[in-house]
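A short worksheet on the structure shown next.
Only the coordinates and a few stated rules stand behind these numbers; no lab work does. Quantities reported herein were computed from a predicted structural model and do not represent experimental measurements. Here the Cβ positions follow ideal geometry from the backbone for every residue, glycine too, while neighbour counts run over all protein chains shown.
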Amino acid sequence: MGVDLGQARTGVALSDELRMLAHPLETIEGSSAEKVARRLRQIVAEKEVDCVVVGLPRQMNGVLGPAAENAQRFVEKLRSLVSCEVVTWDERLSTVAAERALRDAGKKTRETRNIRDQVAAQIILQSYLDRLNA
């Protein structure tokens, strides 16, 4: 499962059983880390997830800024709630890539707000899967 942790919304994506392709799943509205963690715990149980990949928003120079530190705190919280592995993955420019992909698909920015975070999570997860399968 891929997670694009955001300030207002969190995107979630899942892979197929063969761990080849990532697919958008849902957007969790709100910024409460507790609410997001509880919903992710439900998804892990419902979908029998064995690994959660949380995007780590490094700055362009690779440094961990405040957003990345927040993501790391969230990962620690999530690890205490789920029985599967929880890892971080560099997510630099994933939201930009999601916006570009949606725009290239003919979607207007206003129409993509609810799915942009899911697509960003899909991009994070697909990058992780590609590395696993390389």
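Tabulated values for the structure
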| read-out | value |
| --- | --- |
| Helix-only CD estimate at 222 nm, as mean residue ellipticity for the chain, using -39500 (n - 2.57) per DSSP H run (n ≥ 4) | -16500 deg cm²/dmol |
| Pairwise FRET efficiency - Asp16 versus Ser83, Cβ, R0 = 25 Å, nearest 0.05 | 0.70 |
| Charge dipole magnitude, Cβ of K and R +1, D and E -1 - the chain, Cα centre, debye nearest 20 | 460 |
| Virtual spin-label span in nm between Glu76 and Ser32, 7 Å along Cα→Cβ | 2.2 |
| Coordinate range along principal axes, alpha carbons of region 2-133, Å, largest first | 40, 34, 29 |
| Estimated vicinal HN-Hα couplings, Hz - region 11-22 in sequence order (Karplus 6.51, -1.76, 1.60; Gly, Pro = x) | x, 10, 9, 10, 9, 6, 5, 7, 6, 9, 10, 9 |
| Ranking of Arg9, Arg131 by count of other Cβ atoms within 10 Å, fewest first | Arg131, Arg9 |
